[in-house]
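The values are calculated or read from the model by the stated rules, or taken from the named source; none is laboratory data. These figures come from a predicted structure and were not determined experimentally. Cβ placement follows ideal geometry from the backbone for every residue including glycine, while neighbour counts extend to all protein chains displayed. We work out accessible area using only protein heavy atoms, side chains counted, and drop any ligands, DNA or RNA first. Shrake-Rupley method; radii C 1.70, N 1.55, O 1.52, S 1.80 Å.
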Amino acid sequence: MDIKDSFSRLLRNLGSDKSRRSYLQDWTRFRIWLELEGIEITKVKPRHIEDHLVYLQEHHNQRSTCGRALSVIRAVYGILVRDEVMKLNPAREVKNPKFDSSPKTPWLSQEQIKKLLLSTSISRESTWKERRDSLCIRLLFGIGWRREEIARLQYEDFDFENGAVSGVVKGSKPLTVGVPRWLLNEIQQWCEFAIIEKGPLLPRGERSSKSISGDILYKIVKQTALRVGLHCTP
């Protein structure tokens, strides 16, 4: 078995298309870097991987980028060892370079959060889209899940009697969390208005049976924040 076959098998075993895209992107970037440095994939040493992480740190300046890249490189070499393409995994003992841990994304103060939430208040004159977008932001604050997880919420995920919601979060883990009563009331009001009794809680349109995406939710938050002079991401 060669490197290409081993890597293809690794991709097939991943859980989602997003994970496969991430692995392909990080491994391709590492392979291109090796070619530019004149280093063969099977001749890589731990110091080469450390140099690559430093390169990523200098050019991307994101802890998550370096951490994900190291995880991918370690996984690829791990399967190469299992397939007997290589004897040792050069990434096994490599650690991420030290990183500036100060937050790069601005934190929202309590007053800023209040300002953002007030900007999404609805009235009898509010349109269907305004009501949906308002609920998007309130779900992010009230539940605290990632934007993809909020975007794919279904009506059936909620236990209105016991005040809880169940879903699948990062790492394909099932999770049930409590939902504040004020948020449950707003969800029920939205469902009554939009005539939602099953399926996506946040449809793409009034006649759509498809949920919004994480990217759509991202745009909703950015546009709403900009209207009130805030810089934040979901």
Taking only Cα atoms, what is the 0 to 90° angle, nearest 10, from helix 46-60's long axis to the longest principal axis of the chain?
40 degrees
Calculate the radius of gyration of the Cα atoms of the stretch 188-234 to one decimal place, then report Dmax, the largest Cα-Cα distance, as a whole number, both in Å.
12.9, 36
Gain in span if fully extended, residue 8 to residue 207, counting 0.36 nm per residue against the direct Cα distance
67.6 nm
Specify which labelled value, from (i) 161; (ii) 194; (iii) 121, agrees with volume of the Cα convex hull per residue in Å³ derived from the coordinates of the model shown.
(i)
Stokes-Einstein D for the stretch 148-192 at 25 °C, 0.890 mPa s, Kirkwood Rh over Cα pairs, in µm²/s?
222 µm²/s
Taking the C-alpha atoms of the stretch 105-234, convex hull volume expressed per residue in Å³
113 Å³
Mind ordering 206-212, 119-125 by average Cβ neighbours within 10 Å, highest first?
206-212, 119-125
How much accessible area per residue does the chain have, in Å², with a 1.4 Å probe?
63 Å²
Nearest 10 degrees, 0 to 90: helix 63-82 Cα axis against the chain principal axis
50 degrees
Highest average packing first - 175-182, 46-53, Cβ atoms within 10 Å:
46-53, 175-182
Roughly how big is the chain's charge dipole about its Cα centre, with Cβ charges of +1 (Lys, Arg) and -1 (Asp, Glu), in debye to the nearest 20?
240 debye
Taking the simple approach of a point 7 Å from Cα along Cα-to-Cβ for both residue 127 and residue 92, what is their distance in nm?
6.0 nm
How far is helix 181-194 tilted off the main Cα axis of the chain, in degrees rounded to 10, range 0 to 90?
80 degrees
Nearest-0.05 FRET efficiency for residue 39 and residue 216, computed from C-beta distance (R0 45 Å):
0.60
Calculate the FRET efficiency for residue 22 and residue 107 from the Cβ-Cβ distance with a Förster distance of 25 Å, rounded to the nearest 0.05.
0.40
Rounded to the nearest 0.05, FRET efficiency between residue 65 and residue 115 (Cβ-Cβ, R0 25 Å) equals 0.20
For the stretch 172-234, which whole-number percentage of the solvent-accessible area (1.4 Å probe, protein heavy atoms only) is attributable to carbon and sulfur atoms?
50 percent
Report the Stokes-Einstein translational diffusion coefficient (µm² s⁻¹, integer) for the stretch 4-100, Rh taken as the Kirkwood radius over Cα pairs, at 25 °C with viscosity 0.890 mPa s.
180 µm²/s
